[in-house]
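See below for the structure under consideration.
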Amino acid sequence: MAMEALGRLLNPIAIAAGKPFSLKDAGGAMFICTGNDTFTLKASSTFGGSYTNLAVITRYYTNTSTDGTAKWVKATQAAAATVTQTSGTTVFHVLQSQVADPNCYLEVTVGASGLVTAIPYDLMIQRAPANLAALGA
């Protein structure tokens, strides 16, 4: 039987706005943002540490819908820690190679009531879902 994606490819965090998580053992993380808001990417070398803006977002994708009825559109910007959207969905990626400390913790904060899902992917240690590490600790 083939191994499912959860634990092999990814370890998602469904409600991630303002919730730090470890990037250790993942090749990167994808953030899915919805709502009329400004989303700010931050990093810290420790879970309870001081989080500072991580200005590595140069490319992101937008979609005018949140239900799959529209196509994705690529957008670019000068390296920044923020993405602002007025409606629909925005997706951006952070690769482990883009952060100074590969064992760092990431978080995306919102200016108001935006929603964020974080999906660490390209897991370096593949496990059955019940054996995955708790990333937010």
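The values are calculated or read from the model by the stated rules, or taken from the named source; none is laboratory data. Not measured: the values here are computed from a predicted model. Reconstructed Cβ throughout: ideal geometry from the backbone, glycine too, with neighbour counts over all protein chains shown.
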Matching residues, segment 69-101, being within 20 Å of ALA26 (Cβ to Cβ), modelled with pLDDT under 95, surrounded by 12 or more Cβ atoms within 10 Å (Cβ to Cβ) and not charged (D, E, K, R) = GLN96, GLN98, VAL99
Residue identified as at pLDDT 95 or above, in a strand (DSSP E or B), under 16 Å from LEU135 (Cα atoms) and not aliphatic (A, V, I, L, M) among TYR121, TYR60 | TYR121
Could you please let me know if ALA26 is buried (at least 20 other Cβ atoms within 10 Å of the Cβ) and over 24 Å from SER87 (Cα atoms)?
-> yes
Taking segment 63-101 as the region of interest, how many residues are hydroxyl-bearing (Ser, Thr, Tyr) and in a strand (DSSP E or B)?
-> 5
Take segment 41-57 and flag every residue that is assigned to a strand (DSSP E or B) and surrounded by 20 or more Cβ atoms within 10 Å (Cβ to Cβ).
-> LEU41, ALA43, ILE57
